[in-house]
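Have a look at this one before I ask anything.
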Amino acid sequence: MIALKQNNILLFALLMLFIPLQKLPAQMELPYCPPVDSFTVIGHLKPISQGFTGTCWSYAMVSLLESEHLRVYKDSLKLSEMWFAYYDFEGKIDWVLANRKDTFVEGSQCNSVLRYIEKVGAVPAYAYLGRKADAKFFDYSTMFENIQLWVEKVKQHKKLKDKKAKLKYLKILNATMENPPQKFYDKNLKKEVTPREFAQAELRLNSGDYYSFMSNALLPFGQRGILQEPDNWWQGNNYYNLPISTFVAAIKEALLHGYTVVVSGDVTEKTYQPHIPYSWCNNAGITNMDSLRIVEKLNKSTEDNHSWHIVGYYPAKNGWWFYIKDSAFWDDPINGYHFIHESYLTRKAVSMCMHKYAARSVVNGIIK
C-alpha cells in the first residue's frame, strides 16, 4: 500500500509538469443546447425527490430498473428507493463493527441496489415509504448525526458487544426510516407476498444482467477491479475499467439501442448547473483526457458524489447532449430534469451501470 501511494504521488507530480489544470474563464460562450423536444427520450417514470438524504445512488438505479421493466414488459412499476437505502444503511453495521472504523459514509454505489435485490428482494413504493407518515419530505440529517455518534462510541469502546451495538443502531435507523416489512399486500397479485416473491413475480429482472463500469487510468483497462471511491464501502470489485473515450461511446451506443444508463460522477464544477439548464466542461486543447482525469482524481477535484439517470440524447454537431433525470430537487418534478453535455461526462464521470446487451460492440471485447 505504501509503495502504491508513493507511485501515485510520483505519477501526479510528473503529470502536473505536462498537463496544467484547466481553469474556466469567468465569461465564456456556452455550446448551443437544443430544446427539449429535440431529444430522443427513452421511457421512464417521473422524477422523485430524494429530499435531504444521500440516496441519489438508489434513486438513479431504481429509476433505471423501472425503465427496464417498462422496456421489457411495457408496464409501469414504481419501486421503493428507500427500501434499498435502509438495507444499505443496515449493511454498514457489520462493516463498522468488524473494522471499528471511525468513519461512516452516508452514500453508496448504484449497483448496491442489485446486491440487495439478490439478498432481500424489492418492494413497490406503496409498501415502504422510508419515513414516518407525518413527515412531509425525506430528511435523514438528524439520523445521520446520531449514526456518527454511534460510530464514535463503537470506536472508543473496543469491548462493546456487537449485539448490543447493533440493536442501538437499528433503533436509530427505525426512528427515522421505520422498519421495512417482511410481508405486504401486493395490489396487483391481490395477496400477501414477501419482498423476494415480489421481485420474482412482479419486477422480473435479473440483477446479474446489469454490469458496472469505471474509467480509471491508474488501473489496467479491459479488466475488472475495485472502484476506488469512499461510497464503494464494501470494496466491490466488479467494475469493468474502460478508457474514457470507450466509456462515453458505450453510453451513446446504449441510448441508441433504447437502453437507459446510470452514471455517477462529480457535480462540484461551476459549470454544473442542473436547473439553469445545462452542464458542460471546457475541454479545449486537452489531448489526453485519461491522463488529465488521473490528475483530477489524485488532487480530488473529481470525486464520486452524485448519480444521474440518463433517459435521452441529442447528437449535436458540437457533441452529444444527454437528457438527465435527477432526484436532487425539492419541489416541482420539472426541476428533476436537466441537460449534460458529453464534455462534462468525459471530464467528470466516474462510473456507470447498464444492461449487459446495451452496448455490445463497445464492451464485448472485455466482458468474458
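The values are calculated or read from the model by the stated rules, or taken from the named source; none is laboratory data. Source: prediction; values computed, not measured. Heads up, the Cβs are rebuilt from the backbone with ideal geometry, glycines too, and the neighbour counts pull from every protein chain shown. Surface accessibility is based on the protein's heavy atoms, side chains included, excluding ligands, DNA and RNA. Shrake-Rupley method; radii C 1.70, N 1.55, O 1.52, S 1.80 Å.
For region 295-302, does any single residue satisfy the condition of being surrounded by 24 or more Cβ atoms within 10 Å (Cβ to Cβ) and of a type outside the set (Lys, Arg)? So that I can check it myself, show each step before the final result.
Kept after step one, since they are surrounded by 24 or more Cβ atoms within 10 Å (Cβ to Cβ), are these residues of region 295-302: none.
Scanning region 295-302, I find no residue that is surrounded by 24 or more Cβ atoms within 10 Å (Cβ to Cβ) and of a type outside the set (Lys, Arg), so the answer is no.
Still on this model: Here are the criteria: (1) open to solvent by less than 10 Å² (accessible area, probe 1.4 Å); (2) in a loop (DSSP other than H, G, I, E, B); (3) more than 19 Å from residue 200 (Cβ to Cβ). Tell me which single one residue 93 does not satisfy.
Exception for residue 93: condition (2).
Same structure, new question: Kindly indicate whether any position in region 61-77 is under 16 Å from residue 110 (Cβ atoms), out of contact with any Cys (no Cβ under 9 Å at 6 or more places or on another chain), open to solvent by 10 Å² or more (accessible area, probe 1.4 Å) and assigned to a helix (DSSP H, G or I).
For region 61-77, residues under 16 Å from residue 110 (Cβ atoms), out of contact with any Cys (no Cβ under 9 Å at 6 or more places or on another chain), open to solvent by 10 Å² or more (accessible area, probe 1.4 Å) and assigned to a helix (DSSP H, G or I): absent.
Test residue 167 against the criterion of being farther than 22 Å from residue 59 by Cα, free of Cβ contacts under 8 Å to residues at least 24 places away in the same chain and either touching a Gly at 6+ places or on another chain (Cβ under 6 Å) or part of a loop (DSSP other than H, G, I, E, B) (or both), and give yes or no. Break it down into steps so the answer makes sense when it comes.
Details: farther than 22 Å from residue 59 by Cα: yes; free of Cβ contacts under 8 Å to residues at least 24 places away in the same chain: yes; either touching a Gly at 6+ places or on another chain (Cβ under 6 Å) or part of a loop (DSSP other than H, G, I, E, B) (or both): no.
No, not satisfied.
Please state which one of 171, 164, 155 is modelled with pLDDT under 95 and within 29 Å of the chain's Cα centre (by Cα). Walk me through it before giving the result.
Working: 171 fails: modelled with pLDDT under 95; 164 fails: within 29 Å of the chain's Cα centre (by Cα).
One residue alone meets the criteria, 155.
Also: Here are 311, 362, 263, 267: which of them is β-branched (Val, Ile, Thr) and touching an Asp or Glu at 6+ places or on another chain (Cβ under 7 Å)? So that I can check it myself, show each step before the final result.
Numbers: 311 fails: touching an Asp or Glu at 6+ places or on another chain (Cβ under 7 Å); 263 fails: touching an Asp or Glu at 6+ places or on another chain (Cβ under 7 Å); 267 fails: touching an Asp or Glu at 6+ places or on another chain (Cβ under 7 Å).
Residue meeting the stated conditions: 362.
Related question: Quick one: in region 125-142, of everything that is under 20 Å from the mean Cα position of the chain (by Cα) and not in a loop (DSSP other than H, G, I, E, B), which residue is surrounded by the most Cβ atoms within 10 Å (Cβ to Cβ)?
The extreme case among them is 125.
Return the residues of region 216-274 that are part of a loop (DSSP other than H, G, I, E, B), in contact with a helix residue (DSSP H, G or I) (Cβ under 9 Å, 6 or more places away or on another chain), open to solvent by 30 Å² or more (accessible area, probe 1.4 Å) and polar (S, T, N, Q); say none if nothing qualifies.
Residues satisfying the conditions are 228, 268.
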